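*Asks:* Dumping the structure here so I can ask a few things about it.
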Amino acid sequence: STIIETHDISRMYHMGSETIHALKSVSIVIQKGEYVAFMGPSGSGKSTLMNIIGCLDTPSGGRYILNGKDVSNMTDNELAEVRNKEIGFVFQTFNLLPRQSALENVALPLIYAGYGKSAREERAQRVLESVGLGNRGKHKPNELSGGQRQRVAIARALINDPSIILADEPTGNLDTKTSYEIMELFENLHAKGNTIIMVTHEEDIAKYAHRIVRLRDGLVESDTLNDNITSFA
Ligand code: ADP
Ligand code: ADP
C-alpha cells in the first residue's frame, strides 16, 4: 500500500527581494516497505524534501499525503502529532543527549507517548537488543563508538514503531567499515518491513537502497529501481 504521495509539491524561500525555488514540482509515490535513497548535488532540494516528508515543514504548493492523510495544510501542532507517531529520524550527527545513558536516550520518545518508567525501560532495552546493543544500555554516548552511537540513535528512531524511518546522511560521520555495518542494520530493518528513506551523497551507500531518486535544481532528475542490490551473507 502507498505510504507517501507528493503531488507537484513546491517550496519557496523568500530572502529579501529574492525568491529561492528549493523545490519546483516534485511528485513521488512511495509504497510501504520501500527502501529509497535520495541523492543529488548540494542545493538540489534534498533537505527541503526530507523536511516536508518528515512533517517538519509544509510545501508552498501541491499536496503531501502521508498514510492517506493530507498533511500539506496542517497546523504546527497537528504536524508534531503526526511526526511523533509516524516518523523516526536518524541524523548524521546522531543527536543523542550526552548526559543520558543509551537506554535513557532510546526511551526518551516514550515519555511523550505517556509510558511509565518500567514500561519505557523494558521496551527501550528490547529495541537496544534488536540493534545489537543489549549490553550497552548504561553507557553514555561518549563511552560508545561512532557506530554504536548511531545504533542508539536508530533504536531511538524505532522506539515508537514509526511508519517511516528518515535518515539524513546516516553514515556521514562514520568510517567505511562502520558505515557498511549501519547499512547492514538498515537492510535488516528493511527485511522486517520497515519503510526507509535516506539522503546520501555516497554512491556506495545509496546502492544499498532498492530505489534511487536523484534530485537536481528542485526537480526529480531520475527515479530508478536499483538492479545492483548488494546482498549480505
Ligand atoms: P540540499 O539538501 O540538496 O543541499 P536544500 O534543500 O538544503 O538542498 O536547499 C535547496 C535550496 O534551497 C538551496 O538553494 C538552499 O540554499 C535553499 N534553502 C534551503 N533552506 C533554506 C532556508 N531555510 N532559507 C532560504 N533558503 C533555503
Ligand atoms: P545538508 O547537508 O543536509 O544539505 P545544509 O547545510 O544544506 O544541509 O542545510 C542545513 C539546514 O539549513 C537545512 O535545514 C536547510 O533547510 C537550511 N538551509 C540551507 N540553505 C539555507 C539558506 N540559504 N538559508 C537558510 N537556511 C538554509
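*Asks:* Using a Gaussian network model of the chain with C-alpha springs under 10 Å, which one of LEU215, LEU66, LEU144 is most mobile by mean-square fluctuation?
*Replies:* Among LEU215, LEU66, LEU144, the largest GNM mean-square fluctuation belongs to LEU144.
*Asks:* Continuing with this model, one more query. Pick out which of THR93, THR19, THR171 has the largest mean-square fluctuation in a Gaussian network model of the chain, springs linking Cα atoms closer than 10 Å.
*Replies:* The residue that fluctuates most here is THR19.
*Asks:* What does DSSP give for segment 75-233 in terms of the percent of beta bridges that are antiparallel, rounded to the nearest 5? Display every interim value, and only then the final one.
*Replies:* Values: 6 of 16 bridges.
About 40 percent, rounded to the nearest 5.
*Asks:* Give LYS46/LYS207; LYS140/LYS207; LYS32/LYS177; LYS32/LYS85; LYS69/LYS117 a once-over and call out the pairs whose C-alpha atoms are over 22 Å from each other. Walk me through the numbers on the way to the answer.
*Replies:* Working: LYS46/LYS207 17 Å; LYS140/LYS207 32 Å; LYS32/LYS177 29 Å; LYS32/LYS85 16 Å; LYS69/LYS117 32 Å.
Exceeds cut-off: LYS140/LYS207; LYS32/LYS177; LYS69/LYS117.
*Asks:* Take the alpha carbon gyration tensor of segment 126-196, find the square roots of its eigenvalues, order them as a ≥ b ≥ c, and report rounded if a/c is under 1.5; if not, report prolate when a/b exceeds b/c, else oblate. Show your work: numbers first, answer last.
*Replies:* Working: a/c = 1.73, a/b = 1.18, b/c = 1.47.
Oblate is the answer for segment 126-196, as a/c is 1.5 or above yet b/c matches or exceeds a/b.
*Asks:* Between segment 143-209 and segment 100-137, what is the C-alpha centre distance in whole Å?
*Replies:* 18
*Asks:* Here's something else I'd like to know. Count neighbours as other Cβ atoms within 10 Å of each site's Cβ, and list the trypsin sites (Lys or Arg not before Pro) in segment 76-137 that are DSSP loop with at most 15 such neighbours. Mind showing how you got there, number by number?
*Replies:* Working: sites: ARG83, LYS85, ARG99, LYS117, ARG120, ARG123, ARG126, ARG136; in loops: ARG99, ARG136.
Loop-located and lightly packed - ARG99.
*Asks:* For a distance above 33 Å, tell me the whole-number percent of Cα pairs in the chain that qualify.
*Replies:* Counting every Cα pair in the chain, those more than 33 Å apart make up 17 percent.
*Asks:* What part of the accessible area of the chain, given as a whole %, is carbon or sulfur when the probe is 1.4 angstrom?
*Replies:* It is 46 percent, rounded to a whole number.
*Asks:* Let me ask something else. Which trypsin sites (Lys or Arg not before Pro) in segment 20-69 pass both tests, a DSSP loop state and at most 15 other beta-carbon atoms within 10 Å?
*Replies:* LYS32
*Asks:* Can you give the log10 of the normalised intensity I(q)/I(0) at q = 0.33 Å⁻¹, computed with Debye over equal Cα scatterers of segment 111-154?
*Replies:* Evaluating at q = 0.33 Å⁻¹ gives log10 I(q)/I(0) of -1.14.
*Asks:* Before rounding to the nearest 500, sum -39500 (n - 2.57) across all DSSP H runs of length at least 4 in the chain and divide by the residue total; then give [θ] at 222 nm in deg cm²/dmol.
*Replies:* The per-residue figure over the chain is -10000 deg cm²/dmol.
*Asks:* Taking only protein heavy atoms and a 1.4 Å probe, what accessible area per residue, in Å², does the chain have with all protein chains in place?
*Replies:* 49
The values are calculated or read from the model by the stated rules, or taken from the named source; none is laboratory data. Everything numeric in this text was worked out from a predicted model, so none of it was measured. Every residue, glycine among them, receives a Cβ derived from its backbone with ideal geometry; neighbour counts consider all protein chains shown. The protein model used for the area step is the full one, side chains on, heavy atoms only, and it has no ligands, DNA or RNA in it. Shrake-Rupley method; radii C 1.70, N 1.55, O 1.52, S 1.80 Å.
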